[in-house]
Amino acid sequence: MMRQGRLQIFPVTSQETLSFSLTLMENMICVIVLLCSCLWHLTDVFGDEVKSVSVMEGENVTLYTDTQVQSQDDIEWMFGVQSPDEIIAEINREVNITSFINERLKNHVEIDAQTGSLIITNITTQHTGLYTAEISRKPSAHIRHFSLTVYARLPVPVISRVSSQCSSSSSSSCCCVLCSVVNVSHDVSVSWYKGKSLLSSISVSDLNIRLSLPLEVEYQDTNTYRCVVNNPITNHTQHLHITQICHTSEGNIRCDD
């Protein structure tokens, strides 16, 4: 004959309940502190997100580390077109040596001894790429990432009279002109404006090509037209003087001829 089992319930005192709650709370606090410490360390190691910097060819630029270098800090700058994978400059405090390795940046870079910032002088388009600064500071590191874009100097647009680039259904006489620039770099556009209104525009993402944009104007037009070539940080403007370009010995040219 099987005996029926009994479930015994032991009373729990309020003191034991309080002790268990305090232990659980202490464990949760330890976990939170550990997570915060890990996040702080990761932030210190990986630094801020990539900072974009744009500059014109021939100018000077400083990539700021936003920190003060301490006496025992080692500084290392890396560069790469696709990723920063090559050391270009470093300061080793143990032997007190500053080295500049990359031939592309030779005679163009120096490190600010107070901040670790990288100074690039007389910059060229070959210096476009990704840069990373690492300032070793035990037990962690101060790291900054930069994406540097160097734009070539813009050519001045040239306006000339043409007949083959334009077409019109109008039977009235008109003047056909062409605004052109050569050897343009990436992110360059050419635009025609009538007063402040944009009439047409063309852009390019390739290097070292010719951009041309036609425009039809009435032979007796008295409006103000201008051609503008620009990149994200600068521009050049050329005004159309109809009386000088269109009133030539060739006479009037119909754009539908």
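Take segment 128-165 and flag every residue that is part of a loop (DSSP other than H, G, I, E, B), surrounded by 17 or more Cβ atoms within 10 Å (Cβ to Cβ) and in contact with a helix residue (DSSP H, G or I) (Cβ under 9 Å, 6 or more places away or on another chain).
Ala152
Residue-by-condition table, conditions (1) at pLDDT 60 or above; (2) of a type in the set (A, V, I, L, M, F, W, C):
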residue	(1), (2)
Met28	no, yes
Asp48	no, no
Met56	yes, yes
Ile101	yes, yes
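Ser168 - would you say it is open to solvent by 50 Å² or more (accessible area, probe 1.4 Å), over 30 Å from Glu49 (Cβ atoms) and at pLDDT below 90?
Judged against the criteria, Ser168 is not a match.
So Asp221 fits all but one of (1) modelled with pLDDT of 90 or more; (2) in a loop (DSSP other than H, G, I, E, B); what number is the exception?
(1)
May I ask you to say which residue of Ser160, Ser136, Ser147, Ser180 is at pLDDT 90 or above, closer than 30 Å to Glu76 by Cβ, among the polar types (S, T, N, Q) and in contact with a strand residue (DSSP E or B) (Cβ under 7 Å, 6 or more places away or on another chain)?
Ser147
The values are calculated or read from the model by the stated rules, or taken from the named source; none is laboratory data. As the structure is a computational prediction, the values presented were derived from the model and not from experiment. So basically every Cβ, Gly included, is an ideal-geometry build from the backbone, and we count neighbours across all protein chains shown. Surface accessibility is based on the protein's heavy atoms, side chains included, excluding ligands, DNA and RNA. Shrake-Rupley method; radii C 1.70, N 1.55, O 1.52, S 1.80 Å.
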